[in-house]
Structures are given as structure tokens and as C-alpha cells.
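Trainee: Mind having a look at this structure? Questions to follow.
The values are calculated or read from the model by the stated rules, or taken from the named source; none is laboratory data. Everything numeric in this text was worked out from a predicted model, so none of it was measured. FYI the Cβ positions are ideal-geometry reconstructions off the backbone, even for glycines, and counts take in every protein chain you see. In case anyone asks, the SASA skips ligands and DNA or RNA and just uses the protein heavy atoms, side chains included. Shrake-Rupley method; radii C 1.70, N 1.55, O 1.52, S 1.80 Å.
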Amino acid sequence: MPQYLHPYLPWLLASLAVLLLAWLTWRRPNRQRLGWRLLASVVAGISLVLLVFPPTRQQAIRPSSAILLTEGYDADTLEALLNNTEARTEVYAYKLHQEGAPAVPDLATWKQEQPGLQTVHLLGYGLEEHELGTLENISVVPHLSPLSTGVTAVRWPEHMRLGEALVVTGKYKNATEVDAWLYLQAAGSLQDSALIKADTTQAFALHYTPKQEGRFTYTLLRKTGEKQDTLGQIPLQVAPLQKLNTLLLAAAPSFEFKFLKNHLGELQHGVALRTQVSKGISQSEWVNMPKQNLGRVTPRLLQAFDVVITEPQALQDLSSAERVALERAVREEGLGVLTLANEPGNSPHTAFFTAFEGKRLSQGPRSVQASWDGITTTLTTGPYALTGIKSTTGLVEESGENLLAVLRQESWGKVALSVVPETFPWQLEGKEEVYAGYWANLLSAVAKLSVQEKFWRVGDPQMPQAGRPMQLFYTDYTAKTNTTAPTATVSALNGSTRNRLALAQSLTQPEQFSATYWPQHSGWYSVQASDSAPFYFFVQDTSAWPFENRLARRQAVQHYAARQKMDSTPDTPVAFEEEPVSVLWFFALFVLSSSFLWLEEKF
């Protein structure tokens with residue numbers, strides 16, 4: 001009702017209309033159905049006035065609360081939430097169209113338009129971390145939807161060496177009643193697949209060995225029935241094979257060390273082989289590196305090598321000074337030492353290199369299924385297997401929890417033990433790829449790491465997407481406190497974007513700088529600071545890895561709500577607003593009553 005009208009005026013007009021219609025009905029000579037005619041006259045008079053002056057009612061509202069719908073919200077959850085509140089709460093939709101819910105294109109603007117907003121009930125998959133930042137000082141009550149079918153986790157190495165196998169691992173939740181196939185597409189064709197049974201959550205592993213160096217973008221595909229779609233891109237950078245200098249120390253002439261020397265030499269690695277022929281007499285060979293005196297193992301000699309491959313007896317034959325030099329090279333220089341043995345060592349002289357947890361499984365040689373980097377093959381090994389513990393890393397696995405090769409970090413360097421004493425039979429059987437993959441796996445894990453003074457890395461998220469912020473970190477170990485931040489430039493490799501990057505120095509770690517970058521397009525990018533090599537990273541499309549993005553949003557909302565320490569929804573004040581009653585009811589009553597009066601008079 002308009003506020004400028006007197007509140008009793010409609011009722012006065014209604015009374016006059018009722019009296020007029022009742023008088024006209026009463027004065028008719030025909031007294032049949034008089035009661036019904038009087039009732040219809042009262043209804044017609046009142047409904048006519050209420051059509052012109054519709055009444056209002058008070059509606060309880062909570063102006064300090066709101067319901068925000070996001071992607072994947074559950075309609076039943078929304079209905080239950082609305083039914084459980086005594087006062088009406090406004091419903092808004094963010095980045096989606098929902099009838100009856102005003103659209104919120106921008107959270108910052110929405111917050112400004114709602115100055116009294118204190119609590120937001122969040123439905124759906126939630127908001128991203130940077131979006132939650134705009135809701136500062138507003139309590140968020142999550143009503144999150146469960147995640148449906150999709151990849152729940154996926155991992156792969158973004159950098160690898162030529163010859164190493166790419167392994168894409170993860171988990172897939174199949175909430176449908178149809179089996180799903182996952183395919184790894186690389187080099188223009190499907191390279192590997194995994195079957196995910198209906199209504200299960202399964203781990204998967206897809207393998208492929210790149211045939212050339214460079215930057216590549218592979219694809220993970222999903223096929224259910226006749227439908228096939230893309231789950232996401234798998235960017236990979238394949239670097240040239242690292243040229244290692246390897247020192248082989250053999251206790252006696254053997255085919256194992258001879259074949260290994262030839263294999264590494266063919267790959268252009270530097271190799272030096274010292275073979276003990278008899279007591280006090282040794283034979284030395286060199287491939288792809290200058291000749292040096294291998295008669296004694298000295299600190300100066302070890303500085304020229306990245307990895308040492310030996311056997312227990314050769315370690316035992318070293319003098320105490322040579323073993324100390326070898327141990328110090330591991331701890332202080334980052335040297336890697338791999339020992340080929342039949343069983344874990346128990347000698348106190350060689351314990352640093354051979355003391356690993358193990359167990360005896362048979363009385364003689366065993367034929368086992370061994371696997372590494374996605375390669376599985378049959379090999380003959382000794383009666384012992386190794387046991388993995390927290391301080392070790394498995395390099396070659398057999399069935400169950402048994403290991404055939406393990407690695408342990410020792411300060412700057414690494415020591416490893418393999419209970420596969422002979423691998424040269426693979427060469428004789430024509431399994432060159434298996435032999436090459438086995439030694440590439442061991443050498444890449446054990447070899448000395450190259451030290452970089454300046455390098456880049458991608459922070460959160462690990463799989464950046466176009467249109468969303470990402471963190472870039474630059475480490476410069478030559479930088480000092482309060483030094484001027486280096487100048488950096490980010491460029492899209494397709495030439496569409498080139499931006500300056502404003503780096504900020506960490507207060508607690510002066511060697512580390514960071515910046516937030518908003519990529520606008522998907523594809524490969526490069527970032528480079530002065531006096532440093534370019535760093536390449538890949539930006540996913542906005543539709544890639546939807547399950548991973550939804551999971552990240554859920555976790556961001558949960559962490560945000562946990563930081564607020566909200567045990568329950570705080571009480572918010574209730575206000576009242578005038579809400580007009582629908583005139584359809586009065587129109588219907590007027591039509592029915594007036595129709596009755598007209599028809600009753602005619603018939």
C-alpha cells in the first residue's frame with residue numbers, strides 16, 4: 001500500500017462498496033439465494049478495493065547474511081538451507097546463471113554493494129584462494145558439494161633427460177556405471193592406456209619414453225562408451241642426455257664391468273675403468289676422457305667424476321685412506337657411489353657404502369619380475385632382497401615390498417646398493433632397450449647433481465591456468481640482503497604476450513624473490529632474469545583438469561573457514577520489510593463473486 005495513503009482509507013472504501021452491493025441485493029423482490037447473494041456482494045466489494053489498494057505483509061530478512069551459489073551447488077542443499085532459516089536470506093549466483101538469483105560478476109563489487117554483509121553461506125565447489133581474499137572480514141560457512149567423476153590426483157616429472165621414461169601417475173574416481181579408459185596421447189598417437197572400472201576409485205600409471213629432446217605437450221584422454229574428451233595437457237621438457245664421468249672399480253675382470261664400460265662409452269659418457277688383475281697389479285682403461293693415474297683413489301682423482309660404480313670386494317681392497325677419501329667425496333663434494341653386490345654388506349670397513357636393510361628369500365639364485373620407470377622385465381638375481389625404510393629410496397622394485405636397488409642420501413652426495421650383480425645377459429639376449437633403461441635409471445638417481453646459483457621454479461598452483469594468478473620464484477644465491485630486485489621478463493612463446501615481472505625479495509631468505517603473474521593465454525611461456533638462463537613453463541587451458549581445480553577450490557574454502565575458527569554460524573540481526581500480497585488472489589475472488597451475481601440475476 002502506498003505510504004502516502006491513510007491506513008483506514010481502503011477499508012472505508014471497501015465498506016462503502018459492500019454496503020452498496022448489499023443494498024442492491026436486498027432491495028430485489030426475489031428472495032431466493034439471498035444469503036449467497038449477500039456473501040458474493042461482500043466478497044466482490046472487498047476484492048475490488050484490494051485490487052486497487054493491494055495490502056502488504058512484513059517479511060523477516062537477514063540483511064547481514066547471504067547465500068552464494070557456485071559451480072556444482074546442490075539444489076537440495078539450497079532448499080534445506082532456506083527452509084531452516086526463520087528469516088529470508090538473499091540468494092546470489094557467482095559465475096553461473098540461476099533463475100531467481102541475481103548474478104555476481106565480481107566479488108569485490110558485490111561486497112561494496114552489501115556494506116552490512118557479515119556471513120556468506122557458500123554452496124557448490126567453492127571459490128579460489130584469491131577470490132576468498134576479497135571476502136576478508138566476512139564469515140564464510142561452507143556447504144560444499146562432493147566431487148564427482150574425474151582425476152583426483154595426477155603427477156608427472158616436468159623435466160627429464162633423453163632416454164628416461166615418462167610415468168604419469170594418479171588416481172581416478174569413476175562414479176558412473178560405465179567403465180572408463182584413460183589414454184596417454186604423445187607423438188601423435190596413443191602410447192599407453194589404463195582401465196578404470198565402474199563405481200571405483202583406482203590408481204593409474206601411464207608410460208612413454210620420448211625419442212627426442214625438446215618441449216612437448218602430451219594429452220590425457222578419457223573414453224566412456226562412445227564419448228571421448230580431454231582431461232588435460234601434460235607438458236614435458238626433455239633435456240639432452242647428461243654426459244657423466246664414471247669411475248668403475250672392479251675387484252677382478254668381469255663381463256659386467258666390460259659391457260657397462262662399452263655401453264657408457266657409446267653414449268659419449270666419460271669412463272675410467274680400474275680392474276684389479278692380481279695383488280698389487282691393476283689394469284686401467286679410459287673412454288671419452290683424458291688418461292689419469294688410477295693407481296690410488298685420491299680426493300683429486302675423485303673431483304673429476306660424477307659417479308663411482310664398484311663392488312664390495314673392490315671396496316674391501318681399498319686402503320683405509322682411499323675409503324676415507326671416497327667417503328669424504330660423497331659427503332662434501334656430492335659424489336654418488338653405486339655398489340653391485342649379491343647381498344647387503346656387513347663388513348665394518350665398507351658399511352658406509354653397503355650397509356642396507358635386507359632379507360634372504362631363497363637358498364640360491366632367483367628369477368624375479370623387476371620394474372623401474374615403467375619398465376618391467378624378468379631377471380636373475382641372488383637370494384637376497386632389500387627392504388625400504390624412511391631414509392632410503394627404492395630404485396628397482398620386485399613383487400611385493402621387496403627392492404633390488406635402493407639409494408640413501410649422505411649429506412651432499414648419495415650411496416646406493418644393487419643386489420642385481422649381472423645385467424650384461426640382457427645385451428646378449430638382444431634386450432638393449434631394457435639394459436639402457438636400467439642403467440639410465442640408476443645413473444640419473446645416483447650421479448652428482450649440478451649446482452645452480454640462479455634458477456626459477458613455479459609455485460602455487462603447480463598447474464597454472466589462463467586467467468588465474470600463479471606464483472613464480474627466482475633464487476639467486478649471489479644476492480645479498482636489501483639488494484635491488486633483478487629485472488625479469490615473461491614472454492609467451494607464440495609471441496602474443498610480453499610483460500615485465502615485478503620481483504619482491506623475501507625478508508627471511510634474501511636469496512629468494514617472488515612475483516605473482518596472471519597469464520592470459522594457454523601455452524608455453526618463458527621467464528628470464530638478467531644473467532640467468534630462460535626458464536620455461538606451461539599454462540593450461542581453463543577447461544583442463546576440472547577435478548583438480550574443484551578440489552583446490554574446496555581445500556581453499558575449508559582452510560579459509562578453519563582460519564576463522566568458526567564453530568557455529570554467528571547470530572545476525574533480523575530486519576523486516578514490507579512485501580505486497582499477490583493481487584491474483586483478489587482478482588480471482590472478484591471474478592468469481594461478480595460472475596455469480598451476474599449469472600444468478602439472469603437465471
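Trainee: Give the residues of the stretch 325-340 whose amide nitrogen is closer than 19 Å to a point set 7 Å from the Cα of S284 in the direction of its Cβ.
Mentor: 325-326
Trainee: What does the charge count near A436 come to, summing +1 for each Lys or Arg and -1 for each Asp or Glu among other residues with Cβ under 14 Å from its Cβ?
Mentor: Numbers: positive: R161, K211, K431; negative: E164, E266, D373, E429, E432, E433.
Around A436, the charge tally is -3.
Trainee: Write down the percent of antiparallel bridges among all DSSP beta bridges whose residues are both part of the stretch 245-446, to the nearest 5.
Mentor: 60 percent
Trainee: Next question. Non-local amide H neighbours of D74 (under 5 Å, H modeled in plane, Pro and chain starts lacking H): which ones?
Mentor: Correct list: G124.
Trainee: List the residues whose amide H sits under 5 Å from the amide H of L501, counting only those 5 or more places along or on another chain, with H placed 1.01 Å from N in the peptide plane.
Mentor: Residues meeting the amide H criterion: A488, T489, V490.
Trainee: What are the ³J(HN,Hα) values, in whole Hz, obtained from phi via the Karplus relation 6.51 cos²θ - 1.76 cosθ + 1.60 with θ = phi - 60°, for each residue of the stretch 129-137 in sequence order, with x given for Gly and Pro?
Mentor: 4, 5, 6, 5, x, 6, 9, 4, 6
Trainee: Which percent, nearest 5, of DSSP beta bridges in the stretch 153-268 are antiparallel? Provide the component values of the computation, followed by the final result.
Mentor: Values: 35 of 38 bridges.
Taking every DSSP beta bridge with both residues in the stretch 153-268, the antiparallel ones total about 90 percent.
Trainee: I would also like to ask the following. Once the piece of chain linking A108 and L361 is laid out straight, how much longer is it, given 0.36 nm per residue of separation minus the C-alpha distance between them? List each step's numbers first, then the result.
Mentor: Working: separation 253, 0.36 × 253 = 91.08 nm, distance 6.53 nm.
In short, 84.5 nm is gained.
Trainee: Out of these labelled values of Kirkwood radius over Cα pairs in Å, (i) 27.7; (ii) 31.3; (iii) 26.6, which was calculated from the coordinates shown here?
Mentor: So the calculated entry is the one marked (ii).
Trainee: Which of K454/K480; K258/K291; K261/K448; K243/K279; K211/K291 have a Cα-Cα distance over 24 Å? Mind showing how you got there, number by number?
Mentor: On the way: K454/K480 13 Å; K258/K291 18 Å; K261/K448 19 Å; K243/K279 33 Å; K211/K291 33 Å.
Check vs 24 Å cut-off fails for K243/K279; K211/K291.
Trainee: If I take R0 = 35 Å and measure r between the Cβ atoms of H349 and E433 in this structure, what FRET efficiency does the formula 1/(1 + (r/R0)^6) give, to the nearest 0.05? Intermediate results must be reported in sequence, preceding the final value.
Mentor: Details: r = 38 Å, r/R0 = 1.08.
E(calc), rounded to 0.05, equals 0.40.
Trainee: Dipole magnitude of the chain about its Cα centre, charges +1 at Lys/Arg Cβ and -1 at Asp/Glu Cβ only, in debye to the nearest 20? Each step should come with its number before you reach the end.
Mentor: Values: 51 positive and 57 negative charges, 76 e Å.
Here the size comes out at about 360 debye.
Trainee: Further question on the same structure: What accessible area per residue, rounded to a whole number of Å², is obtained for the stretch 245-446 using a probe radius of 1.4 Å? Display every interim value, and only then the final one.
Mentor: Details: 9460 Å² over 202 residues.
I get 47 Å² per residue for the stretch 245-446.
Trainee: Would you mind computing, in nm to one decimal, how far apart the modelled labels at E213 and T489 are, each placed 7 Å from Cα along Cα→Cβ?
Mentor: For the pair E213/T489, the computed spacing is 2.5 nm.
Trainee: Return the whole-Å distance between the Cα centroid of the stretch 258-335 and the Cα centroid of the stretch 91-110.
Mentor: 69 Å
Trainee: To continue, here is another question. Take every DSSP beta bridge with both residues inside the chain and express the antiparallel ones as a percent of the total, to the nearest 5. Intermediate results must be reported in sequence, preceding the final value.
Mentor: Working: 101 of 142 bridges.
Once the DSSP bridges in the chain are tallied, antiparallel ones form about 70 percent.
Trainee: Between T134 and T201, what is 0.36 nm times their sequence separation minus the Cα-Cα distance? Round to one decimal in nm.
Mentor: Here the answer is 20.6 nm.
Trainee: Roll a 1.4 angstrom probe over the protein heavy atoms and tell me the percent of accessible area of the chain that is carbon or sulfur. Can you show the working numbers first?
Mentor: On the way: 17210 of 32530 Å².
C and S fraction of accessible area: 53 percent.
Trainee: Straight distance only, please: which aspartates and glutamates reach the Cα of K359 with their own Cα at less than 12 Å, same-chain residues fewer than 8 apart left out?
Mentor: By straight Cα distance, K359 reaches E343, E401.
Trainee: Now for a separate question. Give me a comma-separated list of calculated 3J(HN,Hα) values for the stretch 147-154, in order, Karplus coefficients 6.51, -1.76, 1.60 applied at θ = phi - 60°, integers in Hz, x for any Gly or Pro.
Mentor: Result, rounded to whole Hz: 6, 9, 5, x, 6, 8, 7, 8.
Trainee: Separate question: Which order do R161, R553, R498 take by accessible area at a 1.4 Å probe, largest first? Spell out each step's value before the answer.
Mentor: On the way: R161 85, R553 25, R498 175 Å².
Sorted descending by solvent-accessible area, the residues read R498, R161, R553.
Trainee: So, R0 is 56 Å and r is the distance between the beta-carbons of W412 and D76; what FRET efficiency does that work out to, to 0.05?
Mentor: Working: r = 58 Å, r/R0 = 1.04.
Once rounded, the FRET efficiency stands at 0.45.
Trainee: Would you mind getting the accessible area per residue of the stretch 454-539, heavy atoms of the protein chains only, 1.4 Å probe, in Å²?
Mentor: On the way: 4540 Å² over 86 residues.
Accessible area per residue, the stretch 454-539: 53 Å².
Trainee: If I model a spin label as a point 7 Å beyond the Cα along the Cα-Cβ vector, how far apart are those points for S526 and H559 in nm?
Mentor: Here the modelled spin labels are 3.2 nm apart.
Trainee: Just to check I understand the Karplus step: with θ = phi - 60° and J = 6.51 cos²θ - 1.76 cosθ + 1.60, what whole-Hz values come out for the stretch 275-284, glycine and proline as x?
Mentor: Residue by residue, the stretch 275-284 yields 10, 7, 8, 7, 4, x, 10, 9, 10, 10 Hz.
Trainee: Can you compute the helix-only [θ] at 222 nm over the chain? Use -39500 (n - 2.57) per DSSP H run of at least 4 residues, normalise by all residues, nearest 500 deg cm²/dmol.
Mentor: Value at 222 nm, helices only: -7500 deg cm²/dmol.
Trainee: Further question on the same structure: Enumerate the amide H contacts of Q465 below 5 Å, restricted to partners 5 or more residues apart or on another chain; note that Pro and chain-start residues carry no placed amide H.
Mentor: Here the answer is Q540, since their amide H atoms fall under 5 Å of that of Q465.
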